[in-house]
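Structure record follows, encoded as structure tokens.
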Amino acid sequence: YVFDPLLESVVEAEIGDLASGDTLVFTNLGGEVRDIVDAVLEQYVRSNHDDTDLNQAYHRSKLWKEILRTHIDRSQRSFRDVAVQMRKMGCARHEVTIRAWLDDDSRIVGPRDLDSFKVIACITQDERMLERPDAFFEACNCIRSMRTRILKHIGASIVRSLGNRDAFVDPMLESAVGDVSRLACILQVAGLSEPENLSVPAHLANRPLA
């Protein structure tokens, strides 16, 4: 996540797009929490436990991955096998895409098309997905929209923490999770090294070093 001062928002960026001077935003919660947006989203959902629609959307956005992952594990199929299954059903998806869907470090909420959910329901034969594949599709759209709101809110909170008290923050998010800037660890890129000239232990890759 990179803070964009012009947009006063936080945006997602690929590693290869980073430049010297960029301001990176990490979570400072420690432990297993590595994604600040996920942390804020989970806290917001917990704070709004009476919002049935939001809670169902959050649950379904996680559930479809569990269903597909369980199917792969139990049937001992590979991502390539699933890709072949989907292609035979008229929904061509590359095995790399399917792997990215289920990667714990991926920020992908879900496929952006309804057909993928329909085919996944047929492949897994999960009654919940077979009954309402559209509900899973709509749930992922809802959570994807929430993540966008959170990114903007984090950016506004950072701007305000830097002294601009007029920065507009999302009142609903602020009420539920408070000052988001306290959850953020903000670091600036001092310089970049070419990968071939850099040796970093695997457990430190893609983590802030202070």
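The values are calculated or read from the model by the stated rules, or taken from the named source; none is laboratory data. Small disclaimer: the values here were computed from a predicted structure and weren't measured. Here the Cβ positions follow ideal geometry from the backbone for every residue, glycine too, while neighbour counts run over all protein chains shown. All accessible areas refer to the heavy atoms of the entire protein, side chains included, with ligands and DNA or RNA removed. Shrake-Rupley method; radii C 1.70, N 1.55, O 1.52, S 1.80 Å.
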**Q.** Range in the chain, longest, excluding exposed trypsin sites (Lys or Arg not before Pro) [loop by DSSP; at most 13 other beta-carbon atoms within 10 Å]
**A.** 1-106
(Q) Taking the 0 to 90 degree range and rounding to the nearest ten, how far is the long axis of helix 133-161 tilted relative to the main principal axis of the chain, both from C-alpha atoms? (A) 10 degrees
Q: Treating cross-link reach as a plain straight distance, find the lysines whose alpha-carbon is under 25 Å from the alpha-carbon of Lys65, omitting any fewer than eight places away in the same chain.
A: Lys88, Lys118
Q | Carbon plus sulfur fraction of accessible area for the chain, probe 1.4 Å, in percent | A | 48 percent
Q.
Please state the shape class of the chain: rounded when a/c is under 1.5, otherwise prolate if a/b exceeds b/c and oblate if not, all from the C-alpha gyration tensor.
A. oblate
Q: Tell me the label-point distance for the pair Glu95, Asp53, using the 7 Å Cα-to-Cβ offset, in nm and rounded to one decimal.
A: 4.1 nm
Q) Rounded, prolate or oblate: which fits the stretch 1-92, taking a ≥ b ≥ c as square roots of the Cα gyration tensor eigenvalues, rounded meaning a/c under 1.5, else prolate when a/b beats b/c? A) oblate
Q) Tell me, what is the per residue accessible area of the chain in Å², probe radius 1.4 Å? A) 60 Å²
Q: Would you mind calculating the gained length between Leu114 and Glu14 on full extension (0.36 nm times residue separation, minus the Cα-Cα distance), in nm to one decimal?
A: 33.4 nm
